[in-house]
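Input: a single structure, listed below in structure tokens.
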Amino acid sequence: MRLRLLALFLTSLANAEPILDRYCAGCHNEKLKTAGLSIAAVDFHQDSAAAEKIIRRLRARQMPPPGLPRPDEATYQSLVTALEASVDKAALANPNPGRTDTFRRLNRNEYQNAIRDLLAIDVDVTPLLPADEASHGFDNITVGDLSPTLLERYLNAARKISRLAIGAPIKAPNGDTFTLPPDLTQEDHFDALPLGTRGGTSLRYTFPLDADYEIVLRLARDRNEHVEGLTEAHEVEILIDGERVQRFTVKPPKSGEDHHAVDLHLKLRTAVKAGPHQIAAAFVKKPTALLETERQPYPAHFNMDRHPRVQPAVYSVSVNGPYEARGPGDTPSRRKIFVCTTQDNKCAERIFSNLARRAYRRPVDASDLRAPMKFYTAARATAPFEEGIEMGLRAILVSPEFLFRVERDPDKLAAGAAYRVSDLELASRLSFFLWSSIPDEELLAAAESKTLHNAAVLDKQVRRMMRDPRSRALVNHFASQWLYLRNISSTLPDMRLFADFDDNLRQSFRKETELFVESILRDDRSILDLLRADYTFLNERLAKHYGIPNIYGSRFRRVQLDADSKRGGLLRQGSLLLVTSYPTRTSPVIRGKWVLDNLLGIPPPPPPPNIPALKDKAAIGKNLSMRERLAEHRANPACAGCHQLMDPIGFVFENYDAVGRWREREDSLPIDTAGALPDGTKFQSVADLQKALLQRPELLASTFTEKLLTFALGRGVEFYDEPAVRAITRKASTDDYRFSSFILGVVSSQPFQMRRSK
């Protein structure tokens, strides 16, 4: 009752101002202007930018700082409600949906997915195009320019992709080599390979023509070029689409024999139909090769010095060819391209019209066909029909209409005016948000009929697209960047300190989190389950690392966790704990910053220049705990401000070492995990931190909305977007914060459906 009365009292902003004067003006006045802010100078009706900064700090209970007089919780909630209502009212009267760039280039992931959906061909464009720079946490933000060097890369990519899609004749055989990670342990079965095998690899490869191809295996060697682990005969087999095509025997060399020749016979030449196929290579598993735990304490076996391989391992797989080509074959890409067979100019126009419509994400006219038809006609002067189509396809793949997402302001629009984007632009926004790719036929047709803006039609399309497997892009591209999963591949723990760490564990960390997030997405669960879930996904390797018994085999499966488990939810997953550590130790600073930035939405300011690094124990000359070492670091006034926010949160994770293993002590010293949030809430464990975060779910929900909206818009969320963020969060709260409610909220929001003119 008291809270309800107080909310009514503070509905008027004028009634909120005495509360601000009492608790905030002591520091934020015209004389002191702490952090450059004076409460008296802020007009909450007009200065939305300053108002949003204040609201964010108050919402997180970050101000006033702990130790100073603070309002009670009811006053906090009502004060924030009043300030938000004032800003939201002003935003309603003067809408500002923000403005994305008129030309925004597809990033590398979007380009690869667009090629997949346009031409039904999977091409790894990583070696063809450079990585995209991240901004605001995502790599689909700063992708506006197209330098001459980058244009050349796109021309080369278009040349390779068009030839592969068409099945163009190849003048001379060539090859592709796929090398396995050097720290990959291959002593046990891999999930993608047949039962009864161990080690090896499985890869998707598109063969350009019906022809003969040579598949070559090379085994891992030590620094003396001797095959590692080869102490007895082993059998290794090559499979295509799950069928064995050849089995080889590898034997250790006899005395005086050349070690280099041991694996030279591991190659075969076989006929393969054009198109995508699965190539696999694996060893036949020997029952007698089971490792004895007492003699082999580490599951990792990949380094000749510290934990050498017990058995031989595959180093690389090469595919060479084509030889004796017999034609382009019948491939998914050719069926996608050749929608007619008359092989005349009219057929060419039909082919290019069909491809350009999908590639450009809009209806096309004669002007759009001029460039591909020009290249087609030039090629047809000396070459057959299909080569002409290939040249025209290249023109489409390097067209700005394909490489860029273009949103043009309507004519005769006032400067800075808010307007609704067209149905076609909305379709592109939607498909690149949910699929990181181009619209499919159904979505494009809805946009062309100008019905996509209809709320019922849009809702139907969103739900359909969420059910489509392509929506896994929200895991692979959105969640993997939000949760730093992309950093896992470049994280290298110190081998001397963490001898049990290998690429198998690295991959397992990432897959656990991806499967976990996908389960929230597919089951349309509450995003609060990201923290409170009592299940995870494990295979034997990861379960052993976590100390969870009775999980066997390489297959990942959903595992229900005990009530007293040290796992469950994102905060206890190895992926998070690994990417927030240094190679030699944990980092309460990075872990605390991760929580502030990714869960609470109050990232600390960047560190000032020339901040000294944390001293190691050798430099200090005594055995201090991490808490004690950071206390000395905070003694530097330049460090104290930020570290007082980050460190108290990060300490709670200290029971987990730099590779996510549970520990009770650090270098014989007991671990003190006591910590606190910026609002003063104290906790002793990750479970306590989790409960504290869940007591105010609107913080996680608001941060999740901001991250999702940033990814969806391809720009940073600004102060004028915050009313939309609040509207999405409030509506989601009435649906138990289900994943779909955030997706639908973003798609229905003003920033997503509208744009401000230049």
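The values are calculated or read from the model by the stated rules, or taken from the named source; none is laboratory data. What you see is a predicted model, and the numbers here were worked out from it, not measured in a lab. Virtual Cβ from ideal backbone geometry, glycine too; neighbours counted across all protein chains shown. In case anyone asks, the SASA skips ligands and DNA or RNA and just uses the protein heavy atoms, side chains included. Shrake-Rupley method; radii C 1.70, N 1.55, O 1.52, S 1.80 Å.
The figures follow:
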item: Enumeration of residues in region 533-557 that are of a type in the set (Gly, Ala, Ser), open to solvent by 30 Å² or more (accessible area, probe 1.4 Å) and within 24 Å of the chain's Cα centre (by Cα); result: none
item: Any hit, region 571-580, residues being in contact (Cβ under 8 Å) with a residue 60 or more places away in the chain, buried (at least 20 other Cβ atoms within 10 Å of the Cβ) and touching a Pro at 6+ places or on another chain (Cβ under 8 Å); result: yes
item: Condition broken by Pro439, with the remaining ones in (1) open to solvent by 10 Å² or more (accessible area, probe 1.4 Å); (2) of a type outside the set (A, V, I, L, M); (3) within 26 Å of the chain's Cα centre (by Cα); (4) within 25 Å of Cys340 (Cα to Cα) satisfied; result: (1)
item: Residue list for region 522-532, filter: surrounded by fewer than 20 Cβ atoms within 10 Å (Cβ to Cβ) and within 29 Å of Phe190 (Cβ to Cβ); result: Arg522, Asp523
item: So Phe509, is it touching a residue at least 40 places away in the same chain (Cβ under 8 Å) and open to solvent by 10 Å² or more (accessible area, probe 1.4 Å); result: no
item: Candidate set: region 39-80, residues that are within 11 Å of Asp679 (Cα to Cα) and in contact with a Lys or Arg (Cβ under 6 Å, 6 or more places away or on another chain); chosen: the one most open to solvent (accessible area, probe 1.4 Å); result: Met63
item: Complete set of residues in region 157-191 that are surrounded by fewer than 12 Cβ atoms within 10 Å (Cβ to Cβ) and either in a helix (DSSP H, G or I) or among the hydrophobic types (A, V, I, L, M, F, W, C) (or both); result: Ala172
item: Helices (runs of 4 or more DSSP H) enclosed by region 455-532 - at least 3 residues per element that are touching a Gly at 6+ places or on another chain (Cβ under 7 Å); result: 529-532
item: Of residues in region 488-506 being acidic (Asp, Glu) and out of contact with any strand residue (DSSP E or B) (no Cβ under 9 Å at 6 or more places or on another chain), the one surrounded by the most Cβ atoms within 10 Å (Cβ to Cβ); result: Asp503
item: Exclusive hit being open to solvent by less than 20 Å² (accessible area, probe 1.4 Å) and not basic (Lys, Arg), set Thr734, Thr681, Thr673; result: Thr673
item: Sole exception among (1) in contact with a helix residue (DSSP H, G or I) (Cβ under 6 Å, 6 or more places away or on another chain); (2) open to solvent by less than 20 Å² (accessible area, probe 1.4 Å) for Gln690, by number; result: (2)
item: Subset of region 582-599 [over 22 Å from Arg496 (Cα atoms) and either outside any helix (DSSP H, G or I) or without any contact (Cβ under 8 Å) to a residue 12 or more places away in the chain (or both)]; result: Asp597
item: Matching option when the condition is under 26 Å from Leu119 (Cα atoms) and of a type in the set (Lys, Arg), among Arg163, Arg218; result: Arg163
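For every residue, the table says whether it meets (1) closer than 20 Å to Ala51 by Cβ; (2) modelled with pLDDT under 85.
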| position | (1), (2) |
| --- | --- |
| Pro66 | no, yes |
| Gln77 | yes, no |
| Thr81 | yes, no |
| Glu84 | yes, no |
| Gly98 | yes, no |
| Asp101 | no, yes |
| Arg108 | no, no |
| Asn113 | no, no |
